[in-house]
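**Q** Before I ask anything, let me first share the structure, which is written out below as structure tokens.
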Amino acid sequence: MYPERVEITASPCPNDVFILSGLILHKVLTPWEYSIRLADIETLNHWALQGAFPVIKASFALYPEIHSRYQILSCGSALGFGVGPLLVSRKELKGPDLENLKVGIPGKYTTAHFLFNFFYPEGCQKVFLGYHEIIPALLRGHIDLGVLIHEGRFVYSTYGLFLVQDLGALWEEKVKAPLPLGGFFIQRDLKEEKKNKILQDLRKSLDYAWKNSTEVYPLLKTHAQELSEEVISQHVKTYVNPFTFKLEGEAIRALKVFFEVLGIKEDPENFIWETGDGIS
């Protein structure tokens, strides 16, 4: 008899692969066979809109569109201070006026797009690109500015690009709370026992990665856009934190503030799947 197969979709970025590495490397004892599929964040967002997979990484800005179908897993989120997307330019800008400039955005449904709209609601021409296509488009002169997420935010200066605004810092200053970027979501109609087990396995996978980072980093490198170990390490340290292991305390407040701006007034704890079983 074959084991039950559970599909998880996530991005190939170092933080997601780090979280899932214990499962990918078969270091978590589980009765199930996990199938891990990696894709660009905007592709994941489109799949989430379709309800295509039982467990999926997606942008928190998308949650109003998918909350009737998905709950937020308490493990796996990218949420914190100093994690926000960066608006960068090909040429140094003297002021904040973006009128008639082309801006590369890493996907319509991303939190990066939400933040850009929030602080720059009009006056520019948006060009939606894959997150890994934005720096090349800037260097070729196809766009004037770009919103960088993932590895790009750590390396833009090495390409001679200029920081215009840290959108995450603007958000933190305005709302006095950390920024929720994205999380792992699980289909509501799965059985409770199955959701509990998936959450436990995800925590065990993350715990394994924290305890065995030297074994995990070669795996991260096979999927990363930037191959520098220093960049990969910086990426993981930035996006994987105690909030990633469990959404509680300040993370709940951050989601409450964020969701209220998105039009969701309900307590975010009502959307979070948490068993309280830790990694036992």
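**Q** Report the residue count in the stretch 210-241 for those that are in contact with a strand residue (DSSP E or B) (Cβ under 7 Å, 6 or more places away or on another chain) and under 17 Å from R153 (Cβ atoms). Talk me through it step by step, then tell me what you get.
**A** Going through the stretch 210-241, the residues in contact with a strand residue (DSSP E or B) (Cβ under 7 Å, 6 or more places away or on another chain) turn out to be 223, 239, 241.
Pick out the ones that are also under 17 Å from R153 (Cβ atoms) and you get 239, 241.
Within the stretch 210-241, residues that are in contact with a strand residue (DSSP E or B) (Cβ under 7 Å, 6 or more places away or on another chain) and under 17 Å from R153 (Cβ atoms) number 2.
**Q** Residue pairs, Cβ under 7 Å, 6 or more apart or interchain, first in the stretch 91-114 and without any contact (Cβ under 8 Å) to a residue 40 or more places away in the chain, second part of a loop (DSSP other than H, G, I, E, B). List them.
**A** E99/G123; E99/C124
**Q** Moving to a separate point now. Out of L62, L129, report the one residue that is out of contact with any Ser or Thr (no Cβ under 6 Å at 6 or more places or on another chain) and either over 29 Å from K221 (Cα atoms) or at pLDDT 95 or above (or both). Steps first, answer last, please.
**A** Numbers: L129 fails: either over 29 Å from K221 (Cα atoms) or at pLDDT 95 or above (or both).
Just a single option satisfies the conditions, and that option is L62.
**Q** Give the residue that is most open to solvent (accessible area, probe 1.4 Å), with candidates limited to residues of the stretch 17-40 that are in contact with a Lys or Arg (Cβ under 6 Å, 6 or more places away or on another chain) and under 18 Å from I56 (Cβ atoms).
**A** E33
**Q** Restricting to the stretch 265-280, name every residue that is in a loop (DSSP other than H, G, I, E, B) and at pLDDT below 95. Can you show your working first?
**A** From the stretch 265-280, those in a loop (DSSP other than H, G, I, E, B) are 265-267, 271, 274-280; that's our starting set.
Selection gives K265, E266, D267, E274, T275, G276, D277, G278, I279, S280.
**Q** While we're on this one: Looking at the structure I just gave you, is E92 at pLDDT below 95, closer than 28 Å to P218 by Cβ and over 16 Å from the mean Cα position of the chain (by Cα)? Even if it seems obvious, please write down each step before you answer.
**A** Values: at pLDDT below 95: yes; closer than 28 Å to P218 by Cβ: no; over 16 Å from the mean Cα position of the chain (by Cα): yes.
Answer is no for this residue.
**Q** Moving to a separate point now. Can you find, within the stretch 194-230, the residue that is farthest from T30 (Cα to Cα) among those that are of a type in the set (S, T, N, Q) and not in a helix (DSSP H, G or I)? Show your work before the answer.
**A** First, the residues of the stretch 194-230 that are of a type in the set (S, T, N, Q): 196, 200, 205, 212-214, 222, 225, 228.
Going one step further and asking which of them are not in a helix (DSSP H, G or I), we end up with 212, 225, 228.
Values: N212: 19, Q225: 30, S228: 33 Å.
Per the stated criteria, the residue is S228.
**Q** In the stretch 195-238, which residue that is among the hydroxyl-bearing types (S, T, Y) and modelled with pLDDT of 95 or more is farthest from I72 (Cα to Cα)? So that I can check it myself, show each step before the final result.
**A** Applying the first criterion (among the hydroxyl-bearing types (S, T, Y)) to the stretch 195-238 yields 205, 208, 213-214, 217, 222, 228, 233, 238.
Then drop every residue that is not modelled with pLDDT of 95 or more, which leaves 205, 208.
Numbers: S205: 18, Y208: 22 Å.
If we take residues in the stretch 195-238 being among the hydroxyl-bearing types (S, T, Y) and modelled with pLDDT of 95 or more, then Y208 is farthest from I72 (Cα to Cα).
**Q** Go through the stretch 231-264 and give me each residue that's part of a loop (DSSP other than H, G, I, E, B) and within 28 Å of K211 (Cβ to Cβ).
**A** As a first pass, look at the stretch 231-264 and keep what is part of a loop (DSSP other than H, G, I, E, B): 240-241, 246-249, 263-264.
Correct list: V240, N241, K246, L247, E248, G249.
**Q** Looking only at strands (runs of 3 or more DSSP E) that fall completely inside the stretch 110-193, which ones have 1 or more residues that are open to solvent by 20 Å² or more (accessible area, probe 1.4 Å)? Break it down stepwise before answering.
**A** Values: elements: 125-128, 145-148, 162-166, 179-187.
Per the criteria, 125-128, 162-166, 179-187.
The values are calculated or read from the model by the stated rules, or taken from the named source; none is laboratory data. Since we're looking at a predicted model, the values are computed, not measured. No Cβ is skipped: glycine too gets one built from the backbone with ideal geometry, and neighbour counts run over all protein chains shown. Protein only, heavy atoms only, side chains kept; ligands, DNA and RNA dropped before computing areas. Shrake-Rupley method; radii C 1.70, N 1.55, O 1.52, S 1.80 Å.
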